[in-house]
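Here's the structure we're looking at; comments come further down.
The values are calculated or read from the model by the stated rules, or taken from the named source; none is laboratory data. What you see is a predicted model, and the numbers here were worked out from it, not measured in a lab. Glycine also receives a Cβ, built like all others from the backbone with ideal geometry; neighbour counts cover every protein chain displayed. The area values use the complete protein model at the heavy-atom level, side chains included, leaving out ligands, DNA and RNA. Shrake-Rupley method; radii C 1.70, N 1.55, O 1.52, S 1.80 Å.
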Amino acid sequence: MSPFATFVARRLARACVLVIVVASAAVLLVHLAPGDAVTELGLDPARAAAERSRLGLDRSFVRQYTEWVGRLLTLDLGESVRFQRPVVELLVERVGYTLVLGVAALVLALGIGLPAGVLTGQRRGDLVSRGIAAISLLLLSTPPLVTALLFLLIASRTGWFPPGGLGVADGTGPLAALEMTVRYLPLPALALALPIAASLERLQSQAVAEALRDPCVIAAQARGLSASRVIWVHAWRLSLKPVLGVLGIVIGSVLSGSFVVELVMSWPGLGNLMFEALTAQDLHLAAGCAAMGAGLLSIGLLSTDIALASADPVTIESA
Amino acid sequence: MIDRTRIFGGTLLALILIALAAAPVLSPNPPDVLFQDLAFAPPMRPRLIDGGGIRRPFVYPWRLADDRRTLQFQPDTSRPREIAFFQDGRVASTSPEPWLLLGGDPLGRDVFSRLLAGGRLSFGVAFFAALLALAVGSTLGAAAGFAGGRTDRTITAVADLVIVLPLLYVVVTLRASLPLVLETTSIFWTMVAVMGLATWPVPARGVRAIVAAERQKPYAESAYAVGAGPLRILLRHLLPAAAGHIAIQGLLLFPAFIFAEATLSFVGLGFADPTSSWGIMLHDAAGIAAMTRAPWLMAPAAVIVLTVVAIQLVIRGSETRARPRQGLSARAAV
């Protein structure tokens with residue numbers, strides 16, 4: 001096997017471990033919580049007992065857990081007590097929203113943060129770059145909770161944007177759904193993206209400033225290449241590595257932030273579902289959400305690992 | 001330039017800390033008293049001019065315009081209330097009547113006083129959580145870096161696993177597995193434990209790297225040669241090399257904990273209402289009624305941002321200073 005394939009295989013194994021550990025931890029934690037989902041339904045004792053035995057909640061933890069893992073292999077995640085529906089169905093329904101929100105926020109954050117960082121990194125100290133640095137310090141200090149609330153405030157006072165959530169589509173079919181998403185997406189996506197864009201800007205700025213001191217960039221300048229070519233082709237490529245290096249953490253913070261933004265702006269994604277599952281102590285649903293979240297995270301981490309390995313083969317050696 | 005931003009950040013942070021420490025004296029009203037007919041009341045700004053003449057600082061109390069449902073407030077210019085300074089153990093107040101510097105919340109409590117009282121809880125949680133994360137992280141990181149081999153691999157693997165998990169999901173899940181209704185003190189320590197345990201890998205990674213590198217250096221070898229035990233070498237010689245790193249990691253974690261407390265309390269898994277914390281107050285600000293008629297309820301958001309800006313300024317100053325200092329301390333130790 002080539003070193004690259006070995007590297008990918010090892011990272012893939014790590015991703016699987018992550019999903020299993022996270023989902024197991026969720027099963028354990030929800031199990032440890034006092035009371036269970038059936039108590040929340042408020043049935044009479046006889047029916048509650050019947051419901052528990054139907055869902056397998058009356059069996060020992062070890063048995064419940066091994067059964068859960070066994071079913072996981074066949075992609076059956078059990079049934080949600082809260083919604084009285086299979087967990088997989090619910091997850092499939094909701095994960096799309098989180099994906100759309102997360103990807104939109106990531107694209108926005110990269111699209112705003114990286115160019116701004118290149119701009120401030122190449123000329124430190126002038127008015128524009130100091131202005132950007134100040135804005136980014138402010139955004140860096142603003143949690144997604146606050147950006148989401150501020151946007152809601154603006155939306156409710158000006159009426160420029162629909163204040164969060166997804167409305168009811170005018171028609172049916174994918175086109176109407178797409179239109180709804182486009183109308184309602186900008187606010188939550190921006191609320192999620194801005195703090196992350198700020199941290200990317202700071203990082204990129206530093207990376208570009210360092211890259212500009214690199215001998216190969218000085219050589220490019222000496223060859224008489226135009227300033228913009230030196231910056232956007234040579235220095236930018238050099239500065240890519242530190243940014244790719246933190247992309248894994250960035251994906252984590254997108255997920256983390258999407259949890260808040262979804263709750264504040266009633267975006268019907270995974271974060272909202274997970275929160276409902278936890279407060280209703282819906283064991284199977286919570287574990288399913290955790291597994292799904294860990295799955296998304298793993299895919300993100302895996303792709304950044306591969307990107308990093310292709311950009312800089314040294315990564316493979318040190319892994 | 002760098003020093004100036006650092007001094008500015010440090011001063012700002014110090015002012016916030018002093019304000020929180022002096023909360024009972026600084027707040028014009030008790031934070032938990034419900035003032036009748038002052039729900040959603042706008043801020044009462046201190047004034048100096050009354051009917052054309054200048055007088056000592058005073059405020060106009062609010063009067064409900066017509067009926068209670070519309071919540072239209074008008075300043076009652078017929079009875080200006082003079083602000084009393086340094087009376088009844090408060091720096092400034094208009095007691096017995098309330099002075100709502102930042103307006104009233106949906107239950108008619110004083111937003112400013114709640115902001116100060118709540119800040120103590122939010123800061124307290126963040127402080128102890130940072131302490132716990134640093135203690136656990138430094139211990140495990142130092143153990144990994146010092147022992148090497150299997151211990152190192154195990155700790156690093158666990159740290160790598162924990163560090164990629166989204167903080168808020170972890171904290172919410174851990175918190176949700178505990179009883180929902182708890183006393184304020186139990187909630188406080190639960191949040192500290194949950195946040196500390198979710199973030200220990202952040203300081204651990206750096207400490208591990210520093211200890212592993214310093215262990216190879218001649219001064220550590222010579223300490224071993226003169227017969228110092230492993231614990232002494234670790235505590236007396238190696239960990240001091242990581243002290244600067246540990247301090248900065250603590251500062252870096254602090255904002256994350258302030259955010260996490262706000263979020264947890266906001267979604268109802270943190271502190272709960274009569275208690276005040278910045279997260280609970282933001283929850284009050286998020287209602288439709290609050291959004292449209294009481295934007296001053298967002299005051300905690302401004303304070304959170306201000307606090308974290310101050311911390312970021314201090315960190316930026318320290319980071320650029322830490323580099324030359326580290327080199328110096330290593331040389332001095334040799």
Looking at B:VAL211, is it assigned to a helix (DSSP H, G or I), within 14 Å of chain A (Cβ to nearest Cβ) and more than 30 Å from A:ASP282 (Cα to Cα)?
no
Considering each of B:LEU239, B:LEU197 in turn, give the residue that is modelled with pLDDT under 85, more than 30 Å from B:MET298 (Cβ to Cβ) and among the hydrophobic types (A, V, I, L, M, F, W, C).
B:LEU239
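Residue-wise test of (1) open to solvent by less than 10 Å² (accessible area, probe 1.4 Å); (2) under 30 Å from B:GLU221 (Cα atoms); (3) free of Cβ contacts under 8 Å to residues at least 40 places away in the same chain.
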| position | (1), (2), (3) |
| --- | --- |
| B:LEU234 | no, yes, no |
| B:LEU239 | no, yes, no |
| B:ALA243 | no, yes, yes |
| B:PHE271 | yes, no, no |
Evaluation of B:ALA228 against (1) part of a loop (DSSP other than H, G, I, E, B); (2) within 14 Å of chain A (Cβ to nearest Cβ) (one fails), failing number
(2)
So which of B:LEU48, B:LEU17, B:LEU26 is in contact with a helix residue (DSSP H, G or I) (Cβ under 7 Å, 6 or more places away or on another chain) and open to solvent by 40 Å² or more (accessible area, probe 1.4 Å)?
B:LEU26
Residue list for the stretch A:77-135, restricted to those being more than 29 Å from B:VAL308 (Cβ to Cβ), open to solvent by less than 60 Å² (accessible area, probe 1.4 Å) and part of a loop (DSSP other than H, G, I, E, B):
A:LEU77, A:GLY78, A:VAL81, A:PHE83
Looking at A:LEU273, is it within 14 Å of chain B (Cβ to nearest Cβ), at pLDDT 85 or above, in a helix (DSSP H, G or I) and under 29 Å from A:LEU101 (Cα atoms)?
yes
Scan of the stretch B:280-305 for residues that are within 8 Å of chain A (Cβ to nearest Cβ) and farther than 15 Å from B:PRO42 by Cα, ordered by number:
B:LEU282, B:ALA286, B:ILE288, B:ALA301, B:ILE304, B:VAL305
Please verify whether B:TRP189 is more than 13 Å from chain A (Cβ to nearest Cβ), more than 18 Å from B:ALA272 (Cβ to Cβ) and aromatic (Phe, Trp, Tyr), treating the condition exactly as stated.
no
Does B:ASP32 qualify as being of a type in the set (Asp, Glu), open to solvent by 30 Å² or more (accessible area, probe 1.4 Å), farther than 16 Å from B:LEU297 by Cα and not in a helix (DSSP H, G or I)?
no
Do you know which residues across the stretch B:168-191 are open to solvent by 40 Å² or more (accessible area, probe 1.4 Å) and either at pLDDT 85 or above or under 25 Å from A:GLY252 (Cβ atoms) (or both)?
B:LEU174, B:LEU178, B:TRP189
All but one of (1) open to solvent by less than 20 Å² (accessible area, probe 1.4 Å); (2) more than 17 Å from A:ALA109 (Cβ to Cβ); (3) at the interface with chain B (Cβ under 9 Å from one of its Cβ atoms); (4) among the hydrophobic types (A, V, I, L, M, F, W, C) hold for A:ALA291; state the number of the condition that does not hold.
(3)
Out of B:LEU121, B:LEU107, I need the residue that is touching a helix residue (DSSP H, G or I) at 6+ places or on another chain (Cβ under 9 Å), modelled with pLDDT under 85 and closer than 30 Å to B:ALA289 by Cα. Which one?
B:LEU107
For A:LEU225, state whether it is touching a Cys at 6+ places or on another chain (Cβ under 8 Å) and either in a helix (DSSP H, G or I) or modelled with pLDDT under 85 (or both).
no
Give B:LEU101, B:LEU107 a once-over and let me know the one that is surrounded by fewer than 18 Cβ atoms within 10 Å (Cβ to Cβ), not small (Gly, Ala, Ser) and not in a helix (DSSP H, G or I).
B:LEU107
Residues A:LEU308, A:LEU247, A:LEU301, A:LEU296: which one is within 7 Å of chain B (Cβ to nearest Cβ) and either out of contact with any strand residue (DSSP E or B) (no Cβ under 9 Å at 6 or more places or on another chain) or buried (at least 21 other Cβ atoms within 10 Å of the Cβ) (or both)?
A:LEU301
Within the stretch A:258-270, how many residues are open to solvent by less than 10 Å² (accessible area, probe 1.4 Å) and more than 12 Å from every other protein chain (Cβ to nearest Cβ)?
2
Quick one: is A:ALA176 modelled with pLDDT under 80 and open to solvent by less than 30 Å² (accessible area, probe 1.4 Å)?
yes
Of (1) open to solvent by less than 50 Å² (accessible area, probe 1.4 Å); (2) charged (D, E, K, R); (3) closer than 30 Å to A:GLU276 by Cα, B:ASP160 satisfies all except one. Which?
(1)
One residue from B:LEU168, B:LEU197 being in a helix (DSSP H, G or I), facing another protein chain (nearest Cβ under 9 Å) and either touching a helix residue (DSSP H, G or I) at 6+ places or on another chain (Cβ under 8 Å) or more than 15 Å from B:ILE155 (Cβ to Cβ) (or both)
B:LEU168
When you scan the stretch B:254-279, how many residues do you find that are in a helix (DSSP H, G or I) and either more than 14 Å from chain A (Cβ to nearest Cβ) or more than 14 Å from the chain's Cα centre (by Cα) (or both)?
2
Filter result for B:VAL308 (crowded, with 16+ Cβ neighbours inside 10 Å, within 9 Å of another protein chain (Cβ to nearest Cβ) and farther than 24 Å from B:GLY10 by Cα):
no
Could you grab me the full set of residues in the stretch A:139-149 that are at the interface with chain B (Cβ under 7 Å from one of its Cβ atoms), in a helix (DSSP H, G or I) and touching a residue at least 24 places away in the same chain (Cβ under 8 Å)?
A:LEU140, A:LEU145, A:LEU149
Members of the stretch A:136-157 found to be more than 12 Å from A:LEU187 (Cβ to Cβ), open to solvent by 10 Å² or more (accessible area, probe 1.4 Å) and over 19 Å from the mean Cα position of the chain (by Cα), listed by number
A:LEU137, A:LEU138, A:ARG157
Those residues that are touching a residue at least 60 places away in the same chain (Cβ under 8 Å), of a type outside the set (A, V, I, L, M) and open to solvent by 50 Å² or more (accessible area, probe 1.4 Å), I need them from the stretch B:113-145; list them, please.
B:ARG120, B:PHE127, B:PHE128
Can you name the residue in the stretch A:178-219 that is outside any helix (DSSP H, G or I) and in contact (Cβ under 8 Å) with a residue 40 or more places away in the chain and is also nearest to A:PRO242 (Cα to Cα) among such residues?
A:LEU212
